[in-house]
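What follows is one structure encoded as structure tokens, with my remarks underneath.
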Amino acid sequence: YDEHGEPKFPLDDLLKLEEQVGRVRWIVPVLPSGELIKCLRTAVCLARESK
């Protein structure tokens, strides 16, 4: 979250996730604090707030 309490998209995690998916033999770890989960959680929060 930013200083106003708004969800802030984890851009560093998104870039790392894009790098992982862009590989020929890609593996995206699904860990509780991993890039995929962080990006999905933030996307869900942002989608809920845009209603």
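Quick note: the coordinates plus some simple rules give every number you see, no bench work behind them. Since the structure is predicted, the reported quantities are computational estimates derived from the model, not experimental observations. Here Cβ is always computed from backbone atoms with ideal geometry, including for glycine, and neighbour counts include all displayed protein chains.
Table for the structure above
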| read-out | value |
| --- | --- |
| The range 11-51: number of residues that are over 9 Å from the mean Cα position of the chain (by Cα) and acidic (Asp, Glu) | 3 |
| In the range 1-46, residue surrounded by the fewest Cβ atoms within 10 Å (Cβ to Cβ) [restricted to those that are outside any loop (DSSP other than H, G, I, E, B) and among the basic types (Lys, Arg)] | ARG41 |
| Output for the range 24-51, where each listed residue is in contact with an Asp or Glu (Cβ under 7 Å, 6 or more places away or on another chain) and of a type in the set (D, E, K, R) | GLU35, LYS38 |
| Filter pass, VAL21 being touching an Asp or Glu at 6+ places or on another chain (Cβ under 9 Å) and of a type outside the set (D, E, K, R) | no |
